[in-house]
Amino acid sequence: MSLIDVESVPRRTMTLFFLADTSGSMEGNKIGALNDAISNIIPMISEISNTNPDAEIKVAALEFSSGTTWLYDEPKNAEDFIWQDQKASGLTSLGEACIQLEKVLHRDGFMKSPSGSYAPAIILLSDGGATDDFDKGIEKLKQNNWFKAAIKIAIAIGDDADKDELKKFTGNLEAVIEVHNIEALKQIIRIVAVTSSQIGSKSTSATDSTKQEQVIDEINQQIDNVDGANSAADPSNASDDYWD
Amino acid sequence: MTACLDVHCLGESHKDSGKPCQDYSFSCVDDDMAIAIVCDGHGGERYFRSDVGAQAATEIIVEVVRLFVQQADSKLFKGSPYTAEGVVTESEKKLTPLDVKFRQMFSSIITKWNERIELHAKEHPLTEWEIEHVPEKYRNEFLENLECPPESSTLNKQYGCTLMAYVQTEDYWFAFHLGDGKCISFHKDINFHGLQQVWDEPIPWDERCFLNKTTSICDSDAINEFRYCYGNNTETPVAVFLGSDGIDDTYGEMENIANFYVEILKIVAKDGISAAEQQLRDDLPIVSRIGSKDDASVAAIFNVFAVKSNIGHFIHFQMDYMGMQAQEQANRIKMLQQKQQQLKEQMSNWNADLNKASIELNYAMKDLRKASDRLEILSGKISFLAKEHQSFTGSDMESPIDYSEIIEQAKETLNSKMIQEEAEQESETVNTEEVTDNQQMVSSSEDELAGTEETKITC
């Protein structure tokens, strides 16, 4: 009689969330680059998930403009996830996006039992400021235990992105990455998504730093090689916006 | 006959880093009491002596609990129904005489543990491994603390661990817990404190223990982080299991953990205690490898006769659990089949978003396959458990629900989709072949021309 029943040992899970701003100001090259970059990194995330003995990665995506829409009604395995190209129009309901994210960060939402799960990684991409009640949304979200434990990185697309709001979302300015051109946007989406997936889906290495700190350190090491990208905590390195 | 077992093993992830097993488990049954303990040393770099801390906590709990049992007036428990206390501070609650006794015991555990680890620190300077592997700031903290007065020292951080214990005497039982890990108790086939449950978590949970965060004996307010429960001998559980978070993170849901413990109880009932403990010793490292990768510990106290007489009851729970999952999959299959129909109708609409609908349809088909495969596995497990129940108890159970029709229907849906896809591919291939034939014709004419040209050059 053996106690081993592989089938009853579920693989641990880490969910990677994309929160993508699809408001009207994203129209043109910005939304094109965002669609292109996320489509291209999904196979990389899938590779990380398939070769990772510690956990599988699931992907969920929420687009927000005048309202919010989840791409799918549950997180999908990284290898099955298909990014559907988004079109830009409307306002920036970032407050509502926070409320919607909070709703799924529960066991009866997108999350499973905390035992057997890793904290999620959440990537927020935005080029403006909220046109709804952001403070109400973020206050609710900040009470959520999964959100508190999550790796949170924001990508500020261009000079008009509201860095204060993004800082409130991530918890610190070091986790807000500014991008100022199309190529930088594509590269930073890749670096942030891949790094968050790699670190987020591993057993806690016995270091004292949090996974969020490890992700930020890793991103900041790579950011110097990307023209047109800088940490919002280091604006002296910021270059001019160029989106044509 | 009350019996016990305990096993702890090195986690898979510790093998590469060269770290020791930081879990410690213990169990024993003697004239005074039966006791099971699991302590889990923290894994962070700062807690580099947590393996020593976990072992020290275990030894001190045995010592302090024994004194408690010897001195406590068992009348305090008389007539006590099952009572559970979550995290409450002294000022928040009016303490009963029994609560006061428990708090004194917890206070004694913390004090003695701090004394023990302070002595250990003073008698054991940094080892070569620690000098090589522990970051300098934590080594310095350790060295500075050795010189500090005890009230300002944070020496206990290096030894930090969680703790959990279950104690049973002739007259009463109690359990206490500080930190993560899980305690599960199994009950006779009767109502237990008003609930008809096979198992439950007798000790209230502390919501601060979430993902990799846990409360700890090294916290400054550790006395207020203990949770506990107790009851008199009319409600003594059949079995109580304590498992470290290496077990939780492997099995995830509580039902799944309880299911694992029933597997151990079945070995106890069939082959005896030594066989169960040996099997656990053999399999726990594999459980860690395929599951959490963390150190894993299990300790248990159980009544062997009660286990044997209730084993059918426990297998019934397993069947119910599998049955519930099977029903979920059956419902999912029906939902996915409906979705598939809706999407097909949607796709026939001229103004539909074909791309989105086609993606959704592919997901529905993949999910249908997964649900159908899972239902098939679960049906097999339920049939196996029904036979096992028969062999343990000699009595047949009600026939389990037959899911074969639902599985067949799901397979038919999947096959019809495959046939449709093959037909589509075939028609595409015919078209491609026509194009290829044309291209070959063009290509061979080009070759001919090239050949002519080459010939010309060669000439």
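Quick rundown of the values:
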| quantity | calculated |
| --- | --- |
| For chain B: relative contact order, % (alpha-carbon pairs under 8 angstrom, 6 or more apart) | 19 percent |
| Solution diffusion estimate, µm²/s, Stokes-Einstein, segment B:1-136, Kirkwood Rh from C-alpha pairs, 20 °C, viscosity 1.002 mPa s | 122 µm²/s |
| Only Lys, Arg (+1) and Asp, Glu (-1) charged, at Cβ; segment B:238-393 dipole about Cα centre in debye | 600 debye |
| Shape box of chain B [Cα atoms, principal axes, largest first, Å] | 107, 65, 46 |
| Accessible surface of chain A, 1.4 Å probe, proportion on carbon and sulfur as whole % | 44 percent |
| Where segment A:127-229 is the region considered: accessible area per residue in Å², 1.4 Å probe | 41 Å² |
| Calculated SAXS-style log₁₀ I(q)/I(0) at q = 0.09, 0.14, 0.21 Å⁻¹ - segment A:54-165, Debye, Cα scatterers | -0.24, -0.59, -1.32 |
| Packing rank of A:135-147, A:178-190, where each peptide gets the mean count of other beta carbons within 10 Å, highest leading | A:178-190, A:135-147 |
| Cα lying deepest toward the dipole's positive end in chain B, options B:Ser379, B:Ser391, B:Ile109, charges on Cβ | B:Ile109 |
| Solvent-accessible ranking of B:Lys182, B:Lys308, largest area first, probe 1.4 Å | B:Lys308, B:Lys182 |
| C-alpha long axis of helix B:97-123 to longest principal axis of chain B, angle in ° | 80 degrees |
| Rg in Å to one decimal, and Dmax rounded to a whole Å, for segment B:242-346 via C-alpha atoms | 18.5, 62 |
| Solution diffusion estimate, µm²/s, Stokes-Einstein, segment B:66-167, Kirkwood Rh from C-alpha pairs, 4 °C, viscosity 1.567 mPa s | 77 µm²/s |
| For B:Lys270, solvent-accessible area (1.4 Å; no DNA, RNA or ligand), Å² | 130 Å² |
| Fraction of antiparallel bridges per DSSP, the protein assembly as shown only, in percent to nearest 5 | 70 percent |
| For the pair A and B, total buried accessible area rounded to nearest 100 Å², probe 1.4 Å | 3500 Å² |
| Within chain A: Cβ-based charge dipole about Cα centre, in debye rounded to nearest 20 (Lys, Arg +1; Asp, Glu -1) | 960 debye |
| Ellipsoid semi-axes in whole angstrom, largest first, where each is sqrt(5λ) of the Cα gyration tensor of segment A:11-235 | 23, 20, 18 |
| Ellipticity estimate at 222 nm from DSSP helix runs (n ≥ 4, -39,500 (n - 2.57)) divided over the protein assembly as shown, nearest 500 | -16500 deg cm²/dmol |
| Order of exposure, largest accessible area first, which applies to B:Ile217, B:Ile131 with probe 1.4 Å | B:Ile131, B:Ile217 |
| Charged-residue dipole, Cβ positions (Lys, Arg, Asp, Glu), chain B about Cα centre, Debye nearest 20 | 1820 debye |
| Carbon/sulfur fraction of accessible area - segment B:219-301, other protein chains in place, 1.4 Å, % | 40 percent |
| Carbon/sulfur fraction of accessible area - segment B:322-431, other protein chains in place, 1.4 Å, % | 50 percent |
| Within 10 Å of each Cβ in A:45-55, the average number of Cβ atoms from other chains | 1 |
| Cα centroid separation - segment B:347-411 against segment B:32-67, whole Å | 45 Å |
| Residue order for B:Ser25, B:Ser153, B:Ser404 - accessible surface, 1.4 angstrom probe, largest first | B:Ser404, B:Ser153, B:Ser25 |
| Probe 1.4 Å - accessible area at B:Lys122, Å² to nearest ten | 120 Å² |
| Spatial separation of Cα centroids for segment A:2-30 and segment A:116-184, in angstrom | 17 Å |
| For the protein assembly as shown, radius of gyration divided by Kirkwood radius, i.e. Rg to Rh on alpha-carbons | 1.04 |
| Radius ratio Rg over Rh of segment A:151-227, counting only Cα atoms, Kirkwood formula for Rh | 0.97 |
| Heavy atoms of B:Met33 accessible to a 1.4 Å probe, total area in Å² rounded to 10 | 0 Å² |
| Segment A:11-235 - share of DSSP beta bridges that are antiparallel (%, nearest 5) | 25 percent |
| Computed over chain A: relative contact order in percent, which uses C-alpha pairs under 8 Å that are six or more apart | 21 percent |
| Crossing angle, helix B:304-348 versus chain B [Cα axis fit, 0-90 degrees, rounded to tens] | 30 degrees |
| Within 10 Å of each Cβ in A:5-11, the average number of Cβ atoms from other chains | 6 |
| Percent of Cα-Cα distances greater than 25 Å, calculated over segment B:322-431 | 38 percent |
| Binned Cα-Cα distance frequencies in segment A:148-192 - 10 Å width, integer % | 30, 54, 16, 1 |
| For residues of B:286-298, the mean tally of beta carbons on other chains within 10 Å | 3 |
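The values are calculated or read from the model by the stated rules, or taken from the named source; none is laboratory data. Please read these numbers as outputs of a predicted model, since none were measured by experiment. Because the Cβ atoms are built from the backbone with ideal geometry, glycine has one as well, and the counts that use them run over all protein chains shown. Ligands, DNA and RNA are excluded from the accessible area calculation, which covers all protein heavy atoms including side chains. Shrake-Rupley method; radii C 1.70, N 1.55, O 1.52, S 1.80 Å.
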